[in-house]
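Heads up: the structure comes next, in C-alpha cells.
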Amino acid sequence: MNLKFFILLFSFSLFAKDSFVGEVLTYQAGFRFFSAGEAILSFSSDTLAGDSVYSLNADINTNPFLDRFYKVRYNIKIWMSPI
C-alpha cells in the first residue's frame with residue numbers, strides 16, 4: 001500500500017504542470033456497503049526558504065463509526081521542487 005502511495009506521489013513530481021495547482025481531489029473509502037472514511041489530496045504552489053516549490057497535502061480520516069475501533073488521522077505534507 002505504501003509503495004503505491006509513493007509511486008503516485010512520484011508521478012506527481014514528474015508530470016506536474018501549473019494546471020495541477022489548486023487541484024483538490026476527494027476520495028471516499030469503503031468496504032462493500034460500509035463507508036470507512038475519506039482522503040483529500042490537494043496540490044498547490046508554495047515557497048520554501050525563498051524557493052518556489054509545489055506542495056502536496058494528503059488528509060486521511062476514518063468516519064466517526066470506525067473511530068471507535070481504530071482512529072485514523074493522517075496529515076501528510078510534501079514539498080517538491082519543480083523541474
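Key figures for this structure:
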| item | result |
| --- | --- |
| Residue check for S19: part of a helix (DSSP H, G or I) and at pLDDT below 90 | yes |
| Qualifying residue in segment 9-16 (condition: of a type in the set (S, T, N, Q) and either open to solvent by 80 Å² or more (accessible area, probe 1.4 Å) or at pLDDT 90 or above (or both)) | no |
| Residue pairs meeting the criteria (Cβ under 7 Å; at least 6 apart or on separate chains; first among the aromatic types (F, W, Y), in segment 24-36; second surrounded by 10 or more Cβ atoms within 10 Å (Cβ to Cβ) and in a strand (DSSP E or B)) | Y27/E38; Y27/A39 |
| Top-ranked residue in segment 72-83 [being open to solvent by 100 Å² or more (accessible area, probe 1.4 Å) and under 18 Å from the mean Cα position of the chain (by Cα); ranked as nearest to T47 (Cα to Cα)] | W79 |
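The values are calculated or read from the model by the stated rules, or taken from the named source; none is laboratory data. Since the structure is predicted, the reported quantities are computational estimates derived from the model, not experimental observations. Every residue, glycine among them, receives a Cβ derived from its backbone with ideal geometry; neighbour counts consider all protein chains shown. Accessible surface is based on the protein model in full, side chains and every heavy atom, while ligands, DNA and RNA are left aside. Shrake-Rupley method; radii C 1.70, N 1.55, O 1.52, S 1.80 Å.
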